[in-house]
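Asks: Take a look at this one; I'll ask things after.
The values are calculated or read from the model by the stated rules, or taken from the named source; none is laboratory data. Quick caveat: nothing in here was measured; it's all calculated off a predicted structure. Here Cβ is always computed from backbone atoms with ideal geometry, including for glycine, and neighbour counts include all displayed protein chains. Areas reflect the complete protein model, heavy atoms only, side chains present, ligands, DNA and RNA absent. Shrake-Rupley method; radii C 1.70, N 1.55, O 1.52, S 1.80 Å.
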Amino acid sequence: MSQSPLQLGSITGVRVGCAAGGFAAAGRDDFAMFAFANPTASAAVFTTNQFCAAPVIVAKEHLHKSAGLSRAWIINSGKANCGTGAAGEATARASCAAAAAALGCKPEQVLPFSTGVVMETIDSAKLCRATKQAAAAAQPEGWPDAAAAIMTTDTRPKGACATSPCGRFKINGIAKGAGMIHPRMATMLAFIATDAPASPGQLAEMLQPAVATTFNQISVDGDTSTNDAVMLGATGAGSLTDADAGSLADAVHGVCAALAGAILADGEGCTRTAAVSVAGFGSDDNCRLIAEAVACSPLVKTMLNAGDPNLGRLLMAIGKAGVTLQQEAVTISIGGQLAFANGQRVADFSEQQARELFAVENVAIDITGGGDEGNYCCRFTDLSAEYVRINGQYRS
């Protein structure tokens, strides 16, 4: 598995083009298009934020109207086209029409995506012009350029790829995301394509569980964006036997996991990450509530940033999650070392030992509730002064 977009090759049946539309910083490409040679089976997972952006509304509608068959995915960065009313939706539709004219397909076979500042309008003429330019520039090896074009506060492009053990299919993926990252989809976009044959329904069956255990188990700041989507397309140019079906699902999951890990590592202002694994609180949902309470606690995250093992922060976060528990049954381990049990700090868990366990780049936190049922894991970042600076000056 490669995590460098520079190592991404081509996928038969997919051309990728970029353009500088003037939506983000001047002088760089900020628009990307994935153009498919034929109607391509597609599946998606979209944001659950009720203030979803105009392109999300249009993409959902078009995916339904086209019965899951796409000819293009188009993406602009810099402006989210959310909270822009009827004009914003008209702009999204106009860009789809421009792509359709350039590719010789129907507008409903084009899915639009945007990322950037919310409540800022996009110049429709600029967007349509960038759409046509990207279509003209599209070529099979354009994946790395697209990974850079869709970035916002990302510090680096993100990509991953995989080849089946038998060599009969390939899969590429790119993503953007660094802030406003939290389970149930976050400020991230991911575009994944394979040359394997698959129906839209089969792709959905692979994508949904893959997203649930990768993109939806990372958190940077506890906020869920208005624009998020993960797309999976299959051109059918490769081959797939019955024995390969499991390999394709594994490859989809592997690419999603690599992209999610790259997003987490690039979290805004991130200096350290942690994984909190929770088990034994009666159900997976209870364990998820506790894991997310820990991952989203500003006090836990600043503790992580400083490497200061103030473990009382963990007790606070566990206790506020809204899950019924017995204090004496809860245990906390750091880096595999038992730190809290029987309602109190373990006597031989020293302050020096705790500081050493918090001094690593990826801290492991394990929490148990004393029961036999339920488990959940969430990976998260620290909270630094740099995160505050980035978001305090986001538009300036």
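Asks: Could you tell me what % of all Cα pairs in region 85-181 have separations over 16 Å?
Replies: Within region 85-181, distances greater than 16 Å cover 67 percent of Cα pairs.
Asks: Quick query: amide H of Ala41 versus all other amide H atoms, modeled in the peptide plane; which residues come in under 5 Å with a sequence gap of 5 or more or a different chain?
Replies: Residues meeting the criterion, in which the H sits 1.01 Å from N, are Ser70, Ala234.
Asks: Another one. Just how much of Thr91 is accessible, in Å², when a 1.4 Å probe is used and the result is rounded to the nearest 10?
Replies: Approximately 10 Å² for this residue.
Asks: Ok, one more. Rounding to the nearest 10 and keeping the result within 0 to 90°, find how far the Cα-based axis of helix 200-212 lies from the longest principal axis of the chain.
Replies: Between helix and principal axis, roughly 30 degrees.
Asks: While we're looking at this one, here's another question. May I ask you to rank Thr153, Thr12 by accessible area, largest first, using a 1.4 Å probe over the protein chains only?
Replies: Ranked from most to least accessible, the order is Thr12, Thr153.
Asks: Taking the simple approach of a point 7 Å from Cα along Cα-to-Cβ for both Lys60 and Ala25, what is their distance in nm?
Replies: Spacing of the two 7 Å Cα→Cβ label points: 3.4 nm.
Asks: Got a sec to turn the phi values of region 85-98 into Karplus ³J(HN,Hα) couplings, 6.51 cos²θ - 1.76 cosθ + 1.60 with θ = phi - 60°, whole Hz, x for Gly and Pro?
Replies: For region 85-98, the Karplus curve yields x, 5, 5, x, 5, 5, 5, 4, 5, 5, 5, 5, 5, 5 Hz.
Asks: Once you charge only the Cβ atoms, +1 for Lys and Arg and -1 for Asp and Glu, what is the size of the charge dipole of region 267-321 about its Cα centre, to the nearest 20 debye?
Replies: Computed about the Cα centre, the dipole is about 140 debye.
Asks: For region 276-396, state what percent of all Cα-Cα pairs lands in each successive 10 Å bin, counting from 0 Å until the bin that includes the largest distance.
Replies: 14, 45, 30, 9, 2, 0
Asks: If you don't mind, another one. Which value, in Å³ per residue, describes the convex hull spanned by the Cα atoms of region 1-144?
Replies: It is 117 Å³ per residue.
Asks: Would you please give the residues with an amide H less than 5 Å from that of Asn81, counting only those at least 5 places away or on a separate chain, with H modeled from the backbone geometry?
Replies: Residues meeting the amide H criterion: Met119, Glu120.
Asks: In what sequence, highest mean first, do 138-146, 169-177, 379-387, 52-60 appear when ranked by Cβ atoms within 10 angstrom?
Replies: The packing order, highest mean first, is 169-177, 52-60, 379-387, 138-146.
Asks: Moving to a separate point now. P(r) for region 121-172, please, calculated from all Cα pair distances in 5 Å bins and given in %.
Replies: Pair shares across the bins are 4, 14, 16, 19, 19, 14, 7, 3, 2, 1.
Asks: If you roll a 1.4 Å probe over the chain with all protein chains in place, what percent of the accessible area is carbon or sulfur?
Replies: The value for the chain is 51 percent carbon and sulfur by accessible area.
Asks: Shifting gears a bit: Quick check for you: with a 1.4 Å probe and neighbouring chains kept, what is the accessible area per residue of region 334-396, in Å²?
Replies: With the other protein chains kept in place, region 334-396 gives 61 Å² per residue.
Asks: Still on this structure: Looking only at region 108-131, which residues have a backbone nitrogen under 16 Å from a spot 7 Å from the Cα of Ala87 in the C-beta direction?
Replies: 118-128
Asks: Also, I was wondering about something else. Over region 68-210, what is the mean sequence separation of C-alpha contacts under 8 Å (at least six apart), divided by residue count, expressed as relative contact order in percent?
Replies: Normalised by residue count, the contact order of region 68-210 is 20 percent.
Asks: Sum up the charges of everything whose Cβ sits under 14 Å from the Cβ of Ala162, counting Lys and Arg as +1 and Asp and Glu as -1, but leave Ala162 out.
Replies: Once all neighbours under 14 Å are counted, the net charge is -1.
Asks: Whenever you get a sec, line up Glu373, Glu61, Glu292, Glu205 from highest to lowest accessible area (probe 1.4 Å, protein heavy atoms).
Replies: If we order Glu373, Glu61, Glu292, Glu205 from most to least accessible, we get Glu205, Glu373, Glu61, Glu292.
Asks: In degrees, nearest 10, range 0 to 90: what is the angle between the Cα axis of helix 245-265 and the longest Cα principal axis of the chain?
Replies: For 245-265 against the chain, the angle is about 70 degrees.
Asks: Further question on the same structure: Please tell me the relative contact order of the chain in percent, rounded to the nearest whole number, where contacts are Cα pairs under 8 Å and at least six residues apart.
Replies: Across the chain, relative contact order equals 18 percent.
Asks: Over region 16-149, what is the relative contact order in percent, taking alpha-carbon pairs closer than 8 angstrom and at least six residues apart?
Replies: Once normalised by length, the contact order is 37 percent.
Asks: Right, next: How long are the semi-axes of the ellipsoid equivalent to region 192-290, from square roots of 5 times the Cα gyration tensor eigenvalues, in whole Å, largest first?
Replies: After diagonalising the Cα gyration tensor, the semi-axes are 29, 17, 12 Å.
Asks: Once Rh for region 200-354 is found with the Kirkwood sum over Cα pairs, what is the Stokes-Einstein diffusion coefficient at 20 °C and 1.002 mPa s, in µm²/s?
Replies: 118 µm²/s
Asks: Along region 271-279, what does the Karplus equation 6.51 cos²θ - 1.76 cosθ + 1.60 (θ = phi - 60°) give for ³J(HN,Hα), rounded to whole Hz, x for Gly and Pro?
Replies: 10, 7, 10, 8, 10, 10, 10, 10, 8
Asks: A follow-up question, please. Taking 2.2 N^0.38 Å as the expected size of a compact globular protein, what ratio does the Cα radius of gyration of region 35-83 give against it, to two decimals?
Replies: Region 35-83 yields a ratio of 1.22.
Asks: Return, ordered by residue number, the residues of region 295-326 whose backbone nitrogen is under 15 Å from a label point located 7 Å along Cα→Cβ of Ala359.
Replies: The answer is 306-309, whose backbone nitrogens lie closer than 15 Å to the label point.
Asks: Shifting gears a bit: When the Kirkwood radius is taken over all Cα pairs of region 320-367, what Stokes-Einstein diffusion coefficient follows at 10 °C and 1.306 mPa s, in µm²/s?
Replies: 137 µm²/s
Asks: A further question on this structure: Determine how many Å³ per residue the convex hull of the Cα atoms of the chain encloses.
Replies: Per-residue hull volume (Cα only) is 135 Å³.
Asks: Over its Cα atoms, what ratio of radius of gyration to 2.2 N^0.38 Å does region 60-134 give?
Replies: 1.03
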